[in-house]
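Just below is one structure, and these are the notes that go with it.
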Amino acid sequence: MICGTRGSPLALAQTNIVVGMLDAAAEVRVIKTSGDLYRGQFGTDGATRGLFTKEIDIALEDCEIDIAVHSLKDVRLDFPFHMAIPQRGPAADVMVTRHPSFHAIPEGGRIGTGSPRRVTELRHMRPDLEPVPIRGNIGTRLEKVEELDGVVMAEAGLQRLALWGHNGYTFVRFPRELFIPAACQGTLAVACRKDDAEARKVVDTLRDEASTACAMAEREVMHAIGGNCHIPAGAWASVVGGDRMRIFAVINDPRNNRSYRDLAVGPLASGRAVARTLAASLLSKGADDVVGRFS
């Protein structure tokens, strides 16, 4: 089987994780995407949704590859392929800093992030800090720690590239219920054509039911608030008690740094319905004005 992926260090690391779990021999084929060509022009958290998958999906549709590995947060909501979601990786955001702790960062400290969601979540916790826009891959952003007071990054990428603890820096994991991650952060998607029975059989062996339920609920939140990938919003779902789902969600207003946040709990089997109820609650609190400005 031919497995298509981007050529970044993180994409290759993630693909190697998936290939190692497959019950079939696989050849990895690197495909350059629009997101790779124009990465420096974009931020994070879904503003590039589709740009890092488009050319890979075309190759999949044209039968040039058999399966594709994506970061699920990069996958558009109307994804047309069969998809399996393996066990989720870490979902949290992390502060990487030269200081001994998050609270040891001095007042006015400069913090690097290219994500409007992270900017507002950061100001929610430490309004005294100064966000600084940064771009680039994980390695490039880690280098910025030397010139800034800290950089906010996704834990999953750091762990998958074995960079946790890099250079003796302090790595502070933010509580996910307080610093709500991007929907599907840390989650991989393994895709194949719907009519490829052999590939579907192989791909489906990777499916983790709890991770799938949580990912679908988080995507449903994003769909229910309008589906616009530019909205600075986050969602994090988890399974509690074996048969219940808890979802935290936030919509941030970068104009005034206000956050609309809420949580909902309901039956695991009704995760998408719980997500829609949560989205409606956020919009009723006033977040519909934020969504309208990003439509």
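Throughout, read-outs are computed from the coordinates displayed, never taken from laboratory work. This structure is a prediction, so every number in the text was calculated from the model and none was measured. Glycine gets a Cβ as well: all are built from the backbone with ideal geometry, and neighbour counts include every protein chain shown.
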Legend entry - Student exercise, the chain dipole from Lys, Arg, Asp, Glu Cβ charges, in Debye to nearest 20: 620 debye
Inset, instruction - Consider all pairwise Cα distances in the stretch 118-268 and report the whole-number % of them above 19 Å. - result: 63 percent
Legend entry - Mean Cβ neighbour count within 10 Å, used as a protection proxy, ranking 97-103, 155-161, 244-250, 15-21 highest first: 244-250, 155-161, 15-21, 97-103
Legend entry - Extreme residue, positive dipole direction of the chain, given options T113, A183, H124 (C-beta unit charges): H124
Legend entry - Part-to-part distance (alpha-carbon centres) for the stretch 197-234 and the stretch 53-132, which is given in Å: 15 Å
Legend entry - Listed residue (A13, A215, T53) projecting farthest to the positive dipole end of the chain, Cβ model: A215
Legend entry - Charge dipole magnitude, Cβ of K and R +1, D and E -1 - the stretch 209-295, Cα centre, debye nearest 20: 160 debye
Legend entry - Proximal aspartates and glutamates to K54, defined as alpha-carbon separation beneath 18 angstrom and excluding residues fewer than eight positions away on the same chain: D36, D45, D62, E64, D66, D74, D78
Legend entry - In Å, descending, principal axis extents of the Cα set of the stretch 64-147: 51, 25, 23
Inset, instruction - Quick one: divide the alpha-carbon radius of gyration of the stretch 46-186 by 2.2 N^0.38 Å and tell me what you get. - result: 1.16
Legend entry - Over the stretch 209-295: Rg over Rh, Cα atoms, Kirkwood Rh: 0.99
Inset, instruction - Could you work out, for the chain, what percent of all Cα-Cα pairs fall into each 10 Å distance bin, beginning at 0 Å and stopping at the bin that holds the largest distance? - result: 6, 28, 35, 24, 6, 0
Legend entry - Cross-link reach list, aspartates and glutamates versus K144, counting only Cα pairs under 16 Å and skipping chain neighbours closer than eight places: E130
